1. Please give the length that would be gained between residue 86 and residue 161 if that part of the chain were fully extended, namely 0.36 nm times their separation in residues minus their C-alpha to C-alpha distance (nm, one decimal).
2. Among the lysines, which fall within straight-line cross-link reach of residue 48, defined as a Cα-Cα distance under 27 Å, with same-chain neighbours fewer than 8 residues apart omitted?
3. Lys/Arg Cβ at +1, Asp/Glu Cβ at -1, dipole of the stretch 144-190 taken about the Cα centre: which of 180, 162, 149 is farthest positive-ward?
4. At a Förster radius of 30 Å, what calculated FRET efficiency corresponds to the Cβ-Cβ distance of residue 25 and residue 193, to the nearest 0.05?
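Only the coordinates and a few stated rules stand behind these numbers; no lab work does. None of these values were measured; they are calculated from a predicted model. Cβ sites come from the backbone with ideal geometry, for glycine too, and all protein chains shown count toward neighbours.
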Amino acid sequence: MPVLLVLVTLIGALGGAVVVARAGDRVDVLAVARDVPVGQKVTTQDVKVVSFADDPGLSPIPAAQRASVVGQRAAVDLHPGELLTRAQLSARGGLGDTEQVVGVELKRGFVPRDELRPGDKVAAVVLPAQGADTGATGSGSTGSEAAETIEATVKSVGTPDSTGAMVVNLAVAPADGPLLATKAAAKQIALVRQPRQSGS
């Protein structure tokens, strides 16, 4: 019995040593060295090498791939200290190549507070103009017609002001840019965040 106890103790100790060793595995990866606005090219000064405890749940770019990162565009705003991933970069020549970006000022209650982040898919709901007839009157009208929406992607989110209003920059298809800008200027836009993909 004592021999068996000793063996169990040794096996437990060895297992613990393996776990500690694995936890101590570190790799060199890329991190953001300074602020890079969305759409701007990444330079060598914008990234740095950091030692990172290997985690299969995360996928930062290995330091050896630094050369492939330089010259790409930031797909979202990059901030110092963040680990750099491929999802944060775009090889395209800038946002304006395929999308238009519209700044939309939204009042409190017209945008999900503390719920939006760059990359989120949203529906920009076009609201009726103030004083407009919504068609809710009349014996055969229910006023339940589906609201017009514009599909968009969040590019950046501003800081709310003292009233709770904030500016959200949205990327939309070129065909939708003028309509979104017009409705945003008339304060006829509300944002609805679409469901995020699992793990995003």
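1. Stretched out fully, the residue 86 to residue 161 stretch lengthens by 23.8 nm.
2. 155
3. So the residue we want is 162.
4. So, using R0 = 30 Å, E works out to roughly 0.20.
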